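To start, the structure under review is shown below, and the notes come after it.
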Amino acid sequence: MDTQQKPWLEHYPPSVPKDIRLGPDQTLIDSLDTAIKKHKDRTALTFMGHDVSYAQLDRRADAFAAWLQSQGLERGSRVMLMLPNGLPFLMALVGTLRAGMVAVNTNPQYTERELEHQLADSQSDVIVILENFAHVLQQVPKQVQPRHVLISTVGDLMGLKGAVINLAVRYLKRMVPSYSLPGALRLQDVLEQGASLPLRREPAHPDDLALLQYTGGTTGRPKGAMLSQRNLMANVLQVEAVGHPALGDFQGPAYTMMVALPLYHIFALTVCGLFALYAGMHMVLIMNPRDLDSICKAWKRNPPEVVPAVNTLFNALANHGPFRSLPFAQLKLCLAGGAALQKSVAERWLALTGCPLIEGYGLSETSPVVAVNATDSRDYSGTIGFPLPSTDVVLLDSQDQPVAQGEQGELAVKGPQVMSAYWNQPEETAKTFTAEGFLKTGDIGIMDEQGRIRLVDRKKDMILVSGFNVYPNEIEDVVASHPDVLEVAAVGVPSEHSGETIKLFVVRKNPSLTEDEIKRWCKERLTAYKRPRIIEFRDELPKSNVGKILRRVLRDEEAGKAPAG
């Protein structure tokens, strides 16, 4: 594409390059290793008031990598990380990559059914799991459980303070359900063993698989986006490039980043984890982003320059009384992603903090960032901004042909951050890419003359709950398996708290079926953000002439837009 076909290039801020410089042999792990050693004297992580230096992170990652290799695991073996934000996450991630293995990001809140699918699909040999969720792994069939189960705790790597925290978590707050996993090892013990073991450092290749990031795609069936060393490294460099107008060249003191987004989410993993490590930032980790008081306490102790978050968190903080008295003068960049940024939230945040919210857009398949507004802008644009350097974007019609300028089309992306394929799903991969190699996102947008993109619709049925994709097929499959349900449809309806919430329309097979029974059924089978909050019973559901339930009609009814008759 030339500049005429890439109008956005002429509207980048002066310090943003048109292309990133990605060396032919440059890999994510080599670049992270260089940064970690360069910044060895800096504080890398703070969690619950406990600091960890880059040098400590370096040693522990080496120990973890050496232990993995000592188990006879081959290069490319999958290591599942089922961890919330805490000290072990990035240590285990970096250690996995140093060992030449593949990280598999997993939501710690998954139910047994969801975890079983991801374990079976990824064929993970190792799982690092917080003990609070070990009882879920126990429920997974033995033949699916990984050979190596490593149990982490909230207080891991925090010494005496960590021991006190663990006592409180287990016995005062009773947050660790009983479990039995014979043969499981403590992560702390593994690191002690690994510290005395040799580590073989074999060079990584840019095309080596680094991460399996699971996504529902357009079908709802979870698929592992295969992200390579090159994919993730490219996106880190792209984020660095577009961040330059706000952040500069990182030659001064370390910036502090508030990491309230869960690192198992791809937005947080790349922006709050990989990019922050690469830039030598100080990451302040928040385990529970709903605990606004904890965020305020951490903010007061370590005022951040960089805050990536989703619209709902920015909104919650701006409406939280104690937050308003915190220091804001140091803020340089507040990034909003994962869900659409609302104008009222952007205006409220700017008025309170003096720092604008900069909206971006991405997806798991693109490592994830595709587009972002100029980071030195102050006005809410209502768009997702410009495509990143080295990124091609086209809007396509139903025949995969480019639409005319100003017309709606499906957003399609090509660039070094775009995945190679879905793990073991060649048919889904083929459906997702055009003949020209563009990844079809399923999101409908309009591009203005300058190259800014405004999304006008999403994947036709996807529901976005607090930045997480929820696919109706999965919800409907679970509810339809209830013996008293005849038909079901799930749609998203607006929510002040989470952007959207899930509403179910149910046709009963048994007239005595109640809302509470359905909610209990879902609680046992779906993680919290996927559970329906509203249930409406109906005698029948709208269908097409071939009998397909029409979710669109139900959504239009909810929005008050159903056509007359």
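No value in this document is a laboratory result; all are computed from the given coordinates. Please read all numbers here as calculations on a predicted model, not as lab measurements. Virtual Cβ from ideal backbone geometry, glycine too; neighbours counted across all protein chains shown.
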| remark: Here the tail fraction of P(r) beyond 20 Å, over all Cα-Cα pairs of region 53-204, rounds in percent to 46 percent
| task | Note down the nm distance, to one decimal, between modelled labels 7 Å out along Cα→Cβ at residue 112 and at residue 144. | result | 1.0 nm
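Rank these for me by crowding, 78, 531, going from fewest to most other beta carbons within 10 Å.
Details: 78 24, 531 20.
With the fewest neighbours first, 78, 531 line up as 531, 78.
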| field | Cut-off 12 Å between beta-carbons: net charge of the residues surrounding residue 36, Lys and Arg +1, Asp and Glu -1 | value | +2
| remark: If amide H atoms are modeled at 1.01 Å from N in the peptide plane, then the residues at a separation of 5 or more from residue 282, or on another chain, having amide H under 5 Å from its own are 255, 256, 257
| With a ≥ b ≥ c the root eigenvalues of the C-alpha gyration tensor of region 338-474, is it rounded (a/c under 1.5), prolate (a/b larger than b/c) or oblate? | prolate
| said: Which of the three applies to region 177-250, rounded, prolate or oblate, going by the alpha-carbon gyration tensor with a ≥ b ≥ c and a/c under 1.5 meaning rounded? | reply: oblate
| query | Which distance in nm do the two modelled labels at residue 192 and residue 435 give, with both placed 7 Å along the Cα-to-Cβ direction? | reply | 6.3 nm
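Calculated FRET efficiency, residue 524 and residue 249, Cβ-Cβ r, R0 60 Å, to nearest 0.05? Intermediate results must be reported in sequence, preceding the final value.
Values: r = 51 Å, r/R0 = 0.86.
Taking R0 as 60 Å, the efficiency between residue 524 and residue 249 is 0.70.
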| remark: Pseudo-spin-label distance residue 550 to residue 536, built 7 Å along Cα→Cβ, given in nm, is 1.5 nm
| request: Specify whether the C-alpha gyration tensor of region 62-115 places it in the rounded, prolate or oblate class, a ≥ b ≥ c being the square roots of the eigenvalues: rounded for a/c under 1.5, otherwise prolate if a/b is larger than b/c and oblate if not. | output: oblate
| How much FRET efficiency would the formula 1/(1 + (r/R0)^6) give for residue 161 and residue 21, where r is the Cβ-Cβ distance and R0 is 45 Å, rounded to 0.05? | 0.60
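Give me the Kirkwood hydrodynamic radius of region 463-517, using the inverse of the mean 1/r over all pairs of distinct Cα atoms, in Å to one decimal. List each step's numbers first, then the result.
Working: mean 1/r = 0.0837 Å⁻¹.
Final number for the Kirkwood radius of region 463-517 is 11.9 Å.
Return 52, 456, 370 ranked ascending by Cβ neighbour count within 10 Å, so the fewest neighbours appear first. Please list the in-between numbers first.
Working: 52 20, 456 11, 370 28.
So the residues, fewest neighbours to most, are 456, 52, 370.
Taking the Cβ of residue 437 as the center, what net charge do the other residues with Cβ under 10 Å away carry, scoring Lys and Arg +1 and Asp and Glu -1? Kindly include the intermediate steps, with their values, before the conclusion.
On the way: positive: 414; negative: 392, 436.
Once all neighbours under 10 Å are counted, the net charge is -1.
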| said: List the residue ranges in the chain for DSSP H helices whose C-alpha atoms run 20 angstrom or more along the long axis and whose Kyte-Doolittle average is -1.0 or above. | reply: 54-70, 229-247
| said: Taking a virtual spin label 7 Å from the Cα of residue 392 along the C-beta vector, which residues in region 1-45 bring their backbone nitrogen under 19 Å of it? | reply: 1-10, 18-22
| note | Labelled set (i) 1.03; (ii) 1.21; (iii) 0.95; Cα Rg over 2.2 N^0.38 Å computed from this model equals the value at (iii)
| query | So for region 234-325, Kirkwood radius off the Cα pairs, Stokes-Einstein at 20 °C and 1.002 mPa s: how many µm² s⁻¹? | reply | 156 µm²/s
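If you take every DSSP beta bridge whose two residues both sit in the chain, what share of them, in percent to the nearest 5, is antiparallel?
Values: 47 of 84 bridges.
In the chain, DSSP labels about 55 percent of beta bridges as antiparallel.
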| field | the chain, relative contact order [Cα under 8 Å, separation at least 6], % | value | 13 percent
| query | Of the trypsin sites (Lys or Arg not before Pro) in region 259-354, which ones lie in a loop per DSSP and count no more than 16 other C-beta atoms within 10 Å? | reply | 290, 332
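Relative to 2.2 N^0.38 Å, what does the C-alpha radius of gyration of region 463-558 come to as a ratio? Two decimals please. Walk me through the numbers on the way to the answer.
Working: Rg = 12.7 Å, N = 96, 2.2 N^0.38 = 12.5 Å.
In units of the 2.2 N^0.38 Å rule of thumb, it is 1.02.
Regarding region 1-118, what is the average projected area of its C-alpha convex hull, in nm²?
Working: hull surface 48.2 nm².
Averaged projected hull area, Cα only: 12.0 nm².
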| query | Quick one: Cα centre-to-centre distance for region 20-35 and region 332-398, in angstrom? | reply | 26 Å
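If you place +1 on the Cβ of every Lys and Arg, -1 on the Cβ of every Asp and Glu, and leave all else neutral, what size is the dipole of region 341-418 about its Cα centre, to the nearest 20 Debye? Write out the running numbers ahead of the final one.
Numbers: 4 positive and 10 negative charges, 72 e Å.
Its charge dipole is roughly 340 debye.
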| said: Using Cβ counts within 10 Å as a stand-in for footprinting exposure, how do 74, 558 rank, fewest first? | reply: 74, 558
